[in-house]
Amino acid sequence: MDLTVPEKLTLDKKHIRAVVNRYASPDLRRSLWQVANTLVPYLALFYLMLRSVAISYWLTLALAIPTAGFMVRTFIIFHDCGHGSFFKSRKANTILGNITGILTFTPYTRWKHDHAVHHATAGNLDKRGTGDVNTWTVAEYLAAPWWKRFGYRVMRNPLILFTVGAFGSFVFAQRIPLKSQGKRERASVWWTNLALAVWIGVLVWAFGWRTYLLVQVPVFLFGTSVGVWLFYVQHNFEGTYWERKEHWDFFMASLKGSSYYRLPAVIQWFSGNIGFHHIHHLSARIPNYNLPKCYRENPIFHVQPVTFWTSLKSLRLRLWDEQNRRMVGWEVLKKVDMEGTGA
């Protein structure tokens, strides 16, 4: 049964909290099994790629696809550790979070902070800019100078956002500590950089720079592109939610501003069930392996899904139209120009 979000929100919000809280308990055996069936094949495939370069680079590129898939799944474990949902022990989450953070080139403490801000502000027009994909309103775009408009257009171009943008965000941007962030967050960047220098140094010593780059670059190109796409499409889709601070509602932002991205079973497995994003935003304490069960057992969460084919429509969405409360593409600017000239 597909109910609309407004119908769902007539229910007691305390009831919704009670429902999601039933699934917010990690299972140690399932968590350990997920570590085993993710990190072991990820590292094994990476090693096979390093060896395959001497045989055939076409074989290396073929292996890069499943390796990138396991990298995405490794990031989901990292992601759950950051929410404190993978283990009951905070220390265990921190240890595994730092290990998986090194494998995915992401400083654990800084990302944990920024992502917590994202969860607390998703869909809030007055609190954009931390842990999200930059989204302007139509009015903001029209008021910006030409060079800022140009930069925004480049950034929101799919050919940039899901390729060099995604790659650069993980490989380069995550290496730079920011003065605006706290001492612990900056320290996590430096410690991660140091650990990466050691890890990469060992691989380069064992296999050489050329072989290392021929393996690492395609894995990260594929993995970061898919990862950023999964994150992007679950907040940038037709029917999403944005509100000013005074009208912003956490439950609306979760159920309407975060999509249920219905994916084929194999992709759902590799993406760690992140497609149940509306439930995840209602309770980030739910381990990724409990999300499907929470969805199946509670019709309240059976929102209209975004499918792979319908998600492609999000590629044309660029700006938030506050007046009409919807995401729009560049074509809306032509309409504004016509209205402004009286055409």
- Task: Work from the charge dipole of the stretch 114-246 (Cβ charges, +1 for Lys and Arg, -1 for Asp and Glu, about the Cα centre) and give the residue of 219, 197, 116 farthest towards its positive end.
- Result: 197
- Query: Once phi is turned into θ = phi - 60°, what whole-Hz ³J(HN,Hα) does the Karplus curve with 6.51, -1.76 and 1.60 give for every residue of the stretch 143-159, x standing for Gly and Pro?
  - Reply: 8, 7, x, 4, 6, 6, 4, 4, x, 5, 4, 5, 4, 8, 6, x, 5
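Return the FRET efficiency for the residue pair residue 200, residue 15: r is the Cβ-Cβ distance, R0 is 45 Å, and the value is rounded to the nearest 0.05.
Details: r = 50 Å, r/R0 = 1.11.
About 0.35, to the nearest 0.05.
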- Query: In the structure displayed, which of 88/112; 127/256; 148/245; 91/127 lie more than 20 Å apart, Cα to Cα?
  - Reply: 148/245; 91/127
- Query: Just how far, in whole angstrom, is the stretch 168-222 from the stretch 101-135 if you go by their alpha carbon centroids?
  - Reply: 19
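Find the relative contact order for the chain and round it to a whole percent, using C-alpha pairs within less than 8 Å whose residues are 6+ positions apart. Show your work: numbers first, answer last.
On the way: 439 pairs, mean separation 86.0, N = 343.
Reported as a whole number, the value is 25 percent.
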- Förster-model FRET efficiency, 35 Å R0, residue 30 and residue 326, C-beta, rounded to 0.05: 0.35
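Please go through the stretch 76-167 and write out the trypsin sites (Lys or Arg not before Pro) that DSSP classes as loop and that have at most 16 other C-beta atoms within 10 Å.
On the way: sites: 88, 90, 91, 110, 112, 127, 128, 148, 149, 153, 156; in loops: 88, 128.
Taking the stretch 76-167 and a limit of 16 other Cβ atoms within 10 Å, the loop trypsin sites (Lys or Arg not before Pro) found are 88.
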- Under 5 Å between amide H atoms, partner at least 5 residues away or on a different chain: which partners does residue 327 have, H built in plane at 1.01 Å? 239, 240, 321
- Message: Using the Karplus curve 6.51 cos²θ - 1.76 cosθ + 1.60 with θ = phi - 60°, what ³J(HN,Hα) values do you get for each residue of the stretch 34-48, in whole Hz, with x for Gly and Pro?
- Response: 5, 4, 5, 7, 10, 5, 5, x, 4, 5, 5, 5, 4, 5, 4
- Item | Nearest 10 degrees, 0 to 90: helix 108-121 Cα axis against the chain principal axis | 10
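Can you work out the accessible area per residue across the chain, with the rest of the protein chains kept in place, probe 1.4 Å, in square angstrom?
Details: 17370 Å² over 343 residues.
I get 51 Å² per residue for this part.
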- Specify whether the C-alpha gyration tensor of the chain places it in the rounded, prolate or oblate class, a ≥ b ≥ c being the square roots of the eigenvalues: rounded for a/c under 1.5, otherwise prolate if a/b is larger than b/c and oblate if not. oblate
- Message: Classify the stretch 257-315 from the C-alpha gyration tensor, please: rounded if a/c falls under 1.5, else prolate or oblate depending on whether a/b exceeds b/c.
- Response: prolate
- First check a/c for the stretch 93-212, with a ≥ b ≥ c the square roots of the eigenvalues of its C-alpha gyration tensor; if it is under 1.5, answer rounded, and if not, answer prolate when a/b is larger than b/c or oblate otherwise. oblate
- Message: Keeping all protein chains in the complex and leaving out DNA, RNA and ligands, what accessible area do you get for residue 283 with a 1.4 Å probe, in Å² to the nearest 10?
- Response: 10
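Got a sec? What order do 155, 71 fall in by accessible area at 1.4 Å, biggest, i.e. largest, first? Walk me through the intermediate numbers first.
Values: 155 55, 71 15 Å².
Per-residue accessible area, sorted high to low, gives 155, 71.
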- What residues have an amide H closer than 5 Å to that of residue 137, excluding those fewer than 5 places away on the same chain, when H is modeled at 1.01 Å from N in the peptide plane? 320
- Query: Given the stretch 176-291 reduced to its alpha-carbon atoms as identical point scatterers, what log10 I(q)/I(0) does the Debye formula return at q = 0.13 Å⁻¹?
  - Reply: -0.80
- To the nearest 10 degrees, how steeply does helix 57-82 sit against the main Cα axis of the chain, on a 0 to 90 scale? 60
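Just from its helices, what would the mean residue ellipticity at 222 nm be for the chain, if runs of 4 or more DSSP H residues each count -39500 (n - 2.57) and the sum is divided by every residue, rounded to the nearest 500 deg cm²/dmol? Intermediate results must be reported in sequence, preceding the final value.
Numbers: 17 runs with 205 residues, N = 343.
Only helices count here, giving -18500 deg cm²/dmol.
The values are calculated or read from the model by the stated rules, or taken from the named source; none is laboratory data. Because the structure is predicted, anything quoted here is derived from the model rather than measured. Positions of Cβ are generated from backbone atoms using ideal geometry, with glycine treated the same way; all protein chains shown enter the neighbour counts. Just the protein is used for accessible areas: all its heavy atoms, side chains included, with ligands, DNA and RNA removed. Shrake-Rupley method; radii C 1.70, N 1.55, O 1.52, S 1.80 Å.
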